1. From the list 14, 5, 31, 37, which residue is modelled with pLDDT under 75 and assigned to a helix (DSSP H, G or I)?
2. Return the residues of segment 40-56 that are out of contact with any helix residue (DSSP H, G or I) (no Cβ under 6 Å at 6 or more places or on another chain) and modelled with pLDDT under 85; say none if nothing qualifies.
3. Among residues belonging to segment 17-28 that are of a type in the set (A, V, I, L, M, F, W, C) and not in a loop (DSSP other than H, G, I, E, B), point out the one that is surrounded by the most Cβ atoms within 10 Å (Cβ to Cβ).
4. Are there any pairs, at least 6 apart or on different chains, whose C-beta atoms fall under 8 Å, with the first in segment 73-99 and closer than 24 Å to residue 124 by Cα and of a type in the set (Phe, Trp, Tyr) and the second modelled with pLDDT of 90 or more and outside any strand (DSSP E or B), and if so, which?
5. If you take the residues in segment 87-118 that are in a strand (DSSP E or B) and more than 22 Å from residue 76 (Cβ to Cβ), which one is nearest to the chain's Cα centre (by Cα)?
6. Output the residue which, of all residues in segment 39-55 that are surrounded by fewer than 15 Cβ atoms within 10 Å (Cβ to Cβ) and among the hydrophobic types (A, V, I, L, M, F, W, C), is nearest to the chain's Cα centre (by Cα).
7. Would you mind stating whether residue 69 is touching a strand residue (DSSP E or B) at 6+ places or on another chain (Cβ under 8 Å), under 20 Å from residue 108 (Cβ atoms) and loosely packed, with under 13 Cβ neighbours inside 10 Å?
8. Would you check if there is a residue in segment 59-78 being among the small types (Gly, Ala, Ser), closer than 17 Å to residue 114 by Cα and not in a helix (DSSP H, G or I)?
Amino acid sequence: MCGDLADFFFNEKLDITIDKQKIQQKINECLKQNKFLHNANRLMQMVKALGTGAFVPFLDNGVLKINYISAPGIVILKANANEVIDVLFWSRTKTSKGYEYTLNMHILEEEGYTIYNAKKIDNGRSNNRC
């Protein structure tokens, strides 16, 4: 059931269109580099099973990427009855150096949203000395 619904929303017929050609080209490149249809379909299946998820764009060395975050990686920092206002997205990736944690915090400020990004490598060694 979850897979059928995901296939309905995210398939080869999906068309994301932007009025400005230069922006459209960048969006198309980003979607292709991030294997958007495959990953969005997979995230939609998890959303139906776990209840929520998000597509989180971020820059990695100047390259626009998309992180596909399921419910356990979403922390609501501020909300009211109708909307989420501030949110923290986090993910963990295994690397050769240990685990890399990526944090993206979206905070509503007077002039609009500000996105704070951070990465931390956990190599499993404790920084505490006895």
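The values are calculated or read from the model by the stated rules, or taken from the named source; none is laboratory data. All figures in this text were calculated on a predicted structure; none of them were measured in a lab. Note that each Cβ is placed from the backbone with ideal geometry, even for glycine, and that neighbours are counted across all protein chains shown.
1. Going through 14, 5, 31, 37 in turn, just one is modelled with pLDDT under 75 and assigned to a helix (DSSP H, G or I): 5.
2. 40, 42, 43, 46, 47
3. So, considering only residues that are of a type in the set (A, V, I, L, M, F, W, C) and not in a loop (DSSP other than H, G, I, E, B), the one surrounded by the most Cβ atoms within 10 Å (Cβ to Cβ) is 27.
4. So the pair list comes out as 89/73; 90/73.
5. Per the criteria, the residue is 93.
6. Taking the candidates together, the pick is 55.
7. no
8. Within segment 59-78, none of the residues are among the small types (Gly, Ala, Ser), closer than 17 Å to residue 114 by Cα and not in a helix (DSSP H, G or I).
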